[in-house]
Each structure stands twice: as C-alpha cells, then as structure tokens.
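My structure is below; once you've seen it, I'll send some questions.
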Amino acid sequence: MKFVIYYFSGTGNTQWVAENIEKKLKENKHDIILYPIEKMREDVSDILQDSIETSDYIGFAYPLYGANIPRIMRNFIQEFVKTSSAYPDSNAKLFLVNTYAYVNGHGIFKAKKYFKECHLRVHGYVNFRMTNSAPSKKKDRAILGENLPSDMKKKAIVKIENMIRSFEDGRRHIQGIGPHLIMGRLIGRILRDEITSNYKNMHVNMETCSKCMKCVRECPVGSLVYKDEQFIYLETCEACMRCYNRCSKHAISN
Ligand SMILES: Cc1cc2nc3c(=O)[nH]c(=O)nc-3n(C[C@H](O)[C@H](O)[C@H](O)COP(=O)(O)O)c2cc1C
C-alpha cells in the first residue's frame with residue numbers, strides 16, 4: 001500500500017513517532033513518504049494532488065497545543081480539504097496521529113471537525129503520550145524525540161504496530177475515546193486564549209545569548225526575527241518551544 005504522512009513537530013516527539021511509523025511501514029514493504037509541513041511553505045498543490053490521487057492512506061501527525069491542533073497544521077489541513085474536493089474519485093483513507101503530554105483534549109471528535117467538508121473519511125486516530133515540550137516550573141529542558149524514555153518508546157512502537165496491522169487488515173483504527181476528553185476539552189477552552197498569546201511571553205535574555213541565531217534559523221514558522229539588536233517574536237509564533245529547548249545558552253524563557 002502507499003502511505004503519505006504530513007507532520008509538524010515543534011521539538012521532535014511527533015517527528016520521532018512519524019519516523020517510526022515510516023520505519024515499520026517500510027519493514028512491512030509498504031511505500032511511504034513523510035513530509036515535514038514546515039518545509040512546505042511554497043505552493044503545495046502538486047504534492048497534495050499527487051497524494052490524494054495515488055495514496056491508500058494519508059496521515060496527519062502533530063502535537064497537541066492547548067488541547068487543539070497547532071495552527072500551522074490546521075491551516076495545512078484546510079488547504080488539503082480544499083484540494084481534495086477536486087478529486088471526488090479518490091478513495092484515500094485518512095488517519096490522524098497526535099502526541100501530547102498530559103491530557104488528550106481533542107480526540108477524534110475535535111480533529112474530525114476539520115475534515116467535515118472532506119469526502120475522504122478518517123479511518124484512523126491514535127494518540128501518543130509523550131514528554132512535555134513546554135517549559136516546566138523548574139525551567140529544565142524537556143527530554144524529547146530520540147531521547148524519550150525507553151518505556152515510552154516501547155509503548156509507542158506497540159501502538160504503531162497495532163495501527164498498521166489494522167490498516168493492513170482493512171479495519172478502522174480509532175483510539176483515544178473516553179471520559180478524559182471532557183477534562184481535556186475543558187482545559188482546551190481555558191487555555192485557548194493563553195495559547196494564542198503565548199508568543200508574547202517568549203523572551204531572549206541578551207546577556208546570556210551568544211547571537212548564534214540558531215533559534216531564528218530553526219524556527220519552524222519563521223516567527224523569530226532579529227532586528228536592531230533585539231529578538232522579536234511575531235504573532236505567528238506557535239510557542240512550540242523549539243527555540244527554548246535548543247538554545248545552547250539557555251537564553252530563552254517563556
Ligand atoms: C504551546 C504548547 C501547548 C501544549 N498543550 C498541551 C495540551 O493541551 N495538552 C497536553 O497534553 N500537552 C500539551 N503540550 C505538550 C505537547 O503536546 C507534547 O509535549 C508533544 O509531544 C510535543 O510534540 P513535538 O515535540 O512534536 O512538538 C503542549 C506543548 C506546548 C509547547
């Protein structure tokens with residue numbers, strides 16, 4: 001079968017999951033293409049068109065931000081849904097993968113909302129509990145991606161294998177439904193404004209900063225600008241915490 005996965009990963013957890021799905025699919029002799037959507041800023045219509053026309057399964061993988069899908073992925077999904085309407089004969093099956101740290105607040109229901117206008121059906125939904133990429137009270141850096149604890153990785157691999165087995169058997173694979181979603185939705189509502197204004201709290205300490213500009217270069221949404229010897233976080237910042245977690249001088253705070 002042919003799989004395509006579009007993913008966004010602020011700090012590596014979702015990328016780790018996407019790459020391990022890729023690895024398992026290849027082991028099982030499937031075709032798979034992974035697309036990091038942060039590198040797809042230009043016109044994506046050709047890529048979308050090809051994946052809609054030729055794939056058996058199309059996946060979307062992302063971290064949970066404030067019990068919701070990150071804006072960059074929401075916008076991408078909108079573009080996907082718009083493009084898909086031109087291909088009514090496509091039978092591609094969609095699946096959603098999300099990583100989170102504490103409470104999975106959106107589940108399949110919220111995610112499906114974004115595909116309401118799409119004739120392609122969501123056949124899979126899996127969530128992966130991982131470490132928290134957001135700064136803790138202790139201000140420690142998070143353990144992320146490849147460095148995730150081994151038991152967490154093992155559990156994730158089992159989930160990945162189960163999902164692939166379901167798809168190979170032609171079954172739907174929907175997980176993550178339960179009472180915890182109520183709590184998550186509540187948290188999502190409370191955090192909604194906080195998440196969108198999170199960028200205002202991002203700060204670079206000029207005394208510890210070495211001006212290596214890694215943070216500016218690696219920002220997935222190009223929202224950190226250095227101008228007049230000052231770092232400015234733009235409104236488009238996802239507060240994904242990549243800059244925070246990767247700064248070798250610990251100069252960034254939130
Ligand atoms: C701005 C922000 C908001 C977050 N909101 C939530 C949340 O609502 N619920 C949750 O369980 N985890 C939340 N997290 C944790 C991330 O979803 C989790 O660490 C995820 O695995 C990070 O994936 P990534 O490394 O691919 O970016 C949040 C992290 C950030 C940076």
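The values are calculated or read from the model by the stated rules, or taken from the named source; none is laboratory data. Nothing here was measured: the structure is a model prediction, and the numbers come from that model. Here Cβ is always computed from backbone atoms with ideal geometry, including for glycine, and neighbour counts include all displayed protein chains. Quick note on the areas: whole protein, heavy atoms, side chains included, nothing else; ligands and nucleic acids left out. Shrake-Rupley method; radii C 1.70, N 1.55, O 1.52, S 1.80 Å.
Using just the helices of the chain, give the 222 nm mean residue ellipticity in deg cm²/dmol: DSSP H runs with n ≥ 4 each add -39,500 (n - 2.57), and the total is spread over all residues, rounded to 500.
Estimated from H runs of four or more residues: -11000 deg cm²/dmol.
What's the magnitude of the charge dipole for the chain around its Cα centre, counting Lys and Arg as +1 and Asp and Glu as -1 at the beta-carbon? Answer in Debye, nearest 20. List each step's numbers first, then the result.
Values: 39 positive and 28 negative charges, 201 e Å.
Magnitude of the dipole: close to 960 debye.
Give me the distance in nm between label points sitting 7 Å out from Cα along the Cα-to-Cβ direction at D169 and T208, one decimal.
5.1 nm
Any idea what angle helix 71-84 forms with the longest principal axis of the chain, computed on alpha-carbon atoms, 0 to 90 degrees, nearest 10?
In the chain, helix 71-84 runs at an angle near 30 degrees to the longest axis.
Could you sort out which of K82/K155; K153/K249; K24/K93; K39/K82; K110/K214 sit more than 24 Å apart by Cα distance in this structure?
Details: K82/K155 35 Å; K153/K249 28 Å; K24/K93 19 Å; K39/K82 20 Å; K110/K214 35 Å.
Pairs exceeding the cut-off: K82/K155; K153/K249; K110/K214.
How large is the accessible surface per residue of the chain, computed with a 1.4 Å probe and reported in Å² as a whole number? It would help to have the intermediate numbers written out before the result.
Numbers: 13320 Å² over 254 residues.
Value for the chain: 52 Å² per residue.
Moving on. Compute the relative contact order of the stretch 2-186 as a whole-number percentage, counting only Cα pairs closer than 8 Å that sit 6 or more residues apart in sequence. Mind dumping the intermediate values first?
On the way: 306 pairs, mean separation 44.9, N = 185.
Taking the mean separation of contacting Cα pairs over the length of the stretch 2-186, I get 24 percent.
Would you mind pulling out the separation of the Cα centroids of the stretch 1-24 and the stretch 58-102, in Å?
So the two Cα centres are separated by 13 Å.
Tally up the carbon and sulfur contribution to the accessible surface of the chain as a whole percent, 1.4 Å probe, everything protein left in place.
Working: 6490 of 13320 Å².
Solvent-exposed carbon and sulfur of the chain make up 49 percent of the total.
Treating the angle as unsigned and between 0 and 90°, give the value, to the nearest 10°, between the Cα long axis of helix 13-27 and the longest Cα principal axis of the chain.
Value to nearest ten degrees: 30.
Mind checking the full-extension length gain between T54 and I190? Use 0.36 nm per residue of separation minus the Cα-Cα distance, one decimal, nm.
On the way: separation 136, 0.36 × 136 = 48.96 nm, distance 4.08 nm.
This chain segment gains 44.9 nm when fully extended.
Quick check: Cα centre of the stretch 187-254 to Cα centre of the stretch 109-175, how many Å?
For the stretch 187-254 versus the stretch 109-175, the Cα centre distance is 25 Å.
Which aspartates and glutamates, if any, have their Cα less than 14 Å from the Cα of K116, not counting same-chain residues under 8 positions apart?
E79
Convert 37 °C to kelvin, take the viscosity as 0.692 mPa s, use the Kirkwood radius over C-alpha pairs of the chain as Rh, and evaluate the Stokes-Einstein diffusion coefficient in µm²/s, rounded to a whole number. Write down the numbers at each step before the final one.
Numbers: Rh = 19.0 Å.
The Stokes-Einstein estimate is 173 µm²/s.
Which Cys residues of the chain have no other Cys beta carbon under 4.7 Å away?
C118, C209, C212, C219, C237, C240, C247, each lacking another Cys Cβ under 4.7 Å.
Quick one: grab Rg to one decimal and Dmax as a whole number for the stretch 197-253, Cα atoms only, in Å.
Cα radius of gyration and Dmax of the stretch 197-253 are 10.0, 27 Å respectively.
Now a separate question. Nearest 10 degrees, 0 to 90: what angle lies between the long axis of helix 180-196 and the longest principal axis of the chain (Cα atoms)?
50 degrees
Could you compute the net charge surrounding H123? Neighbours are other residues with a C-beta less than 14 Å from the C-beta of H123; K and R count +1, D and E count -1. Can you show the working numbers first?
On the way: positive: K93, K112, R121, R165, R171, R172; negative: D56, E168, D169.
Net local charge, H123 excluded: +3.
Could you rank the peptides 177-188, 39-50, 18-29 by their average count of other C-beta atoms within 10 Å per residue, with the highest value first?
Working: 177-188: 14.8, 39-50: 13.0, 18-29: 16.6.
Ranking, from highest mean packing down: 18-29, 177-188, 39-50.
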